[in-house]
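The values are calculated or read from the model by the stated rules, or taken from the named source; none is laboratory data. Predicted model, so just to flag it, every value in this text is computed and none were measured. All Cβ positions, even for glycine, are placed from backbone atoms using ideal geometry, and neighbour counts span all protein chains on display.
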Amino acid sequence: MRKDMKQAVVYQIYPKSFSSHRNQATGDLLGVEDRLNYLAWLGVDYLWLTPFYRSPQHDNGYDVSDYYSIDPAYGSMRDFERLLAEAKRRGIGVMLDIVVNHTSTEHEWFRQARQGRDNPYRDFYIWRDAPNNWQSKFGGSAWEYDAHSGQYYLHLFDKTQADLNWDNPRVRQAVFEMMRFWRDKGVAGFRLDVINLISKDPAFSEDDSDGRHFYTDGPRVHEYLQEMHREVFAGHELLTVGEMSSTSLAHCVDYSRPDRRELAMTFNFHHLKADYPDGRKWRLGELDFIAFKRILSDWQQGMHAGGGWNALFWCNHDQPRALSRFGDDGECRRQSAKMLATALHGLQGTPYIYQGEEIGMANPGFADIGQLRDVESLNAYRQLLADGFADAEAMEVIRRRSRDNARTPMQWDDGANAGFSAAEPWIGVAPDAGMVNVAAAIGDRDSVLHHYRALIALRKQYPAFADGDYRCLTPEHPSLWVYARAARDEMLIVVSHFGDDSVRYRLQEGTVPSGWRLELLLSNYPPSSDGQLRPWHSLLYRAAPPAR
């Protein structure tokens, strides 16, 4: 990975909810182009676009029916090529979302495969005469019976998303050919969806679990990613990031260590499970803040020591809004949004900003299941009712956990539909759009947006953001996360108060080398010398030797 990639910031766009150029219910590619000046002003280096390929949209585009075609709802290939060129003109690279653990059951490969056991495409997918006990991540069995051909096919996600058989070299070559097609169009990188699930235990073993440890970081996954690197990435300066489901630190070091020639960086989700009681997503629990810090600290230290590289994030299209989850989306919205931004952007790795995060968008507060669109959330709601939850209890879980929290339209201004489209959007606009929007934030120098812009600029200015090691200074404190990042001639110290009270804190003597100057780079409150941290307070310091 090039040095400047370590200083880069990626902005994730969910095109369906970003901006509609054609004033339709869903966003489109030209809507993204319309907002490029804003993104260039913000200072981001890459745009990660979630899937816009042709799809029946059972899982909002993660069920691809044609990898080479753009879904008409998003525009045309000409629109995409124009977006690429205009982004490049502004110094921004465009990354594509590659979904190759599975395809839609409407993909031509699957249509052929189900014609019969002798079809040349039959072995593109995973078929068995009888299912084992593996469970789908969306609930229920991971196997679906196909009456037409008389066997069960594997689907780790929705039944309309059939898992590809990566042990078949023809599958791998077809995937690599498709990726080269987009690479040669000029994309700047790839985000690889649930890529650590592509290699399954060939015996399809089972035990009393849901089966995930038989396919997570599977037996040949590193071999397949090294082959992908040789076939697609080698000789091209691409930013590549893998989404790693239920992975391990050791595997992520290997996935992202440059000498192994696999990927540039990895997403892991362990820190986002620190509020899952007994590891269960669809149950509500309080954040275990000590565990939260320990997980983040272990990954910082482990990836640094092993030579790997983290993708840093609070939010994405599959997670509720971090502001509502880990901060305060009420009276202290502004302060806690800035605090969360500083805490993340001070870490080692590449920060990812999810659309709306930079203006302090929060969960919309769904009141009724009819407002939801997400297949996973609807399945979970039905299961909660089956488990004996009252409707109000089930809705409270869905309200706080649903992926649709992140999918309401981007809030551009205080006009109709928040400036997203003149048409009624496919999912409702959050009720706070009149106050929380880009137009208002740009005009307010103290806004969350300007804080993000400052953080992006600082990352490019000071080498310690990329190179510094990590040490947690408050591992057992119930509400303070203070850490230091030390490089050769520079140190960063990040102080984050995850709480709505006030606490006192001073750096211990010896934290900063004797004689070094300590400079406050950024804070979400006016400067104070009394050592008192206010609700959701954050401070970012830089220490360095005196100038000679």
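Computed values, structure above
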{"item": "Residue within region 414-425 that is buried (at least 18 other Cβ atoms within 10 Å of the Cβ), in contact (Cβ under 8 Å) with a residue 40 or more places away in the chain, under 21 Å from the mean Cα position of the chain (by Cα) and closer than 24 Å to residue 32 by Cβ present", "result": "no"}
{"item": "Filter result (of a type outside the set (Gly, Ala, Ser), surrounded by fewer than 17 Cβ atoms within 10 Å (Cβ to Cβ) and part of a loop (DSSP other than H, G, I, E, B)) within region 133-160", "result": "133, 148"}
{"item": "Selection count where residues are closer than 15 Å to residue 335 by Cα and either exposed (fewer than 15 other Cβ atoms within 10 Å of the Cβ) or of a type in the set (Lys, Arg) (or both), scope region 499-523", "result": "2"}
{"item": "Count of region 1-21 residues which are among the basic types (Lys, Arg) and either in contact with a Pro (Cβ under 6 Å, 6 or more places away or on another chain) or crowded, with 17+ Cβ neighbours inside 10 Å (or both)", "result": "2"}
{"item": "Count - residues of region 459-480 that are crowded, with 18+ Cβ neighbours inside 10 Å and closer than 16 Å to residue 42 by Cβ", "result": "1"}
{"item": "Test: residue in region 478-492 that is out of contact with any Pro (no Cβ under 9 Å at 6 or more places or on another chain) and farther than 21 Å from residue 543 by Cβ", "result": "yes"}
{"item": "From 97, 123, 146, residue being closer than 22 Å to residue 224 by Cβ, at pLDDT 95 or above and over 28 Å from the mean Cα position of the chain (by Cα)", "result": "123"}
{"item": "Qualifying residue in region 87-100 (condition: more than 24 Å from residue 196 (Cα to Cα), in a helix (DSSP H, G or I) and touching a helix residue (DSSP H, G or I) at 6+ places or on another chain (Cβ under 7 Å))", "result": "yes"}
{"item": "Tally of residues being part of a helix (DSSP H, G or I) and buried (at least 20 other Cβ atoms within 10 Å of the Cβ) across region 161-170", "result": "0"}
{"item": "Given (1) closer than 23 Å to residue 225 by Cβ; (2) surrounded by fewer than 20 Cβ atoms within 10 Å (Cβ to Cβ), number of the condition residue 118 does not satisfy", "result": "(1)"}
{"item": "Residue 402 crowded, with 21+ Cβ neighbours inside 10 Å and either touching a residue at least 40 places away in the same chain (Cβ under 8 Å) or under 25 Å from residue 451 (Cα atoms) (or both)", "result": "yes"}
{"item": "In region 55-69, the residues that are at pLDDT 95 or above, of a type outside the set (Gly, Ala, Ser) and under 22 Å from the mean Cα position of the chain (by Cα)", "result": "62, 63, 64, 67"}
{"item": "Set 42, 29, 47: member being among the aliphatic types (A, V, I, L, M) and over 30 Å from residue 468 (Cβ atoms)", "result": "29"}
{"item": "Selection from region 213-227 of residues that are out of contact with any helix residue (DSSP H, G or I) (no Cβ under 7 Å at 6 or more places or on another chain) and either among the acidic types (Asp, Glu) or touching a residue at least 40 places away in the same chain (Cβ under 8 Å) (or both)", "result": "214, 220, 223"}
{"item": "Enumerated helices (runs of 4 or more DSSP H) restricted to region 328-403, each holding at least 3 residues that are farther than 24 Å from residue 494 by Cβ", "result": "375-386, 391-401"}
{"item": "Close pairs (7 angstrom Cβ cut-off, 6 or more residues apart or separate chains): within 21 Å of residue 495 (Cα to Cα) in region 281-309, assigned to a helix (DSSP H, G or I) anywhere", "result": "287/326; 292/271; 295/270; 295/271; 296/271; 298/249; 299/249"}
{"item": "Residue within region 249-261 that is touching a residue at least 60 places away in the same chain (Cβ under 8 Å), touching a helix residue (DSSP H, G or I) at 6+ places or on another chain (Cβ under 9 Å) and under 28 Å from residue 180 (Cβ atoms) present", "result": "no"}
{"item": "Answer from 97, 66, 79, 34 - the residue that is touching a Lys or Arg at 6+ places or on another chain (Cβ under 9 Å), without any contact (Cβ under 8 Å) to a residue 60 or more places away in the chain and of a type in the set (Asp, Glu)", "result": "66"}
{"item": "Test result for residue 84, assigned by TED's automatic domain parsing to the domain that holds residue 415, buried (at least 18 other Cβ atoms within 10 Å of the Cβ) and in contact (Cβ under 8 Å) with a residue 40 or more places away in the chain", "result": "yes"}
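Residues are listed down the side, and each one gets a yes or a no for (1) among the charged types (D, E, K, R); (2) within 21 Å of residue 114 (Cβ to Cβ):
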site: 142; (1), (2): no, yes
site: 150; (1), (2): no, yes
site: 155; (1), (2): no, yes
site: 164; (1), (2): no, yes
site: 174; (1), (2): no, yes
site: 179; (1), (2): no, no
site: 183; (1), (2): yes, no
site: 194; (1), (2): no, no
site: 200; (1), (2): yes, yes
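Results for (1) in the same structural domain as residue 436 (by TED's automatic domain parsing); (2) surrounded by fewer than 24 Cβ atoms within 10 Å (Cβ to Cβ); (3) modelled with pLDDT of 95 or more; (4) under 27 Å from residue 45 (Cβ atoms), shown as yes or no for each residue.
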| residue | (1), (2), (3), (4) |
| --- | --- |
| 344 | yes, yes, yes, yes |
| 358 | yes, no, yes, yes |
| 366 | yes, yes, yes, no |
| 374 | yes, yes, no, no |
| 387 | yes, yes, yes, no |
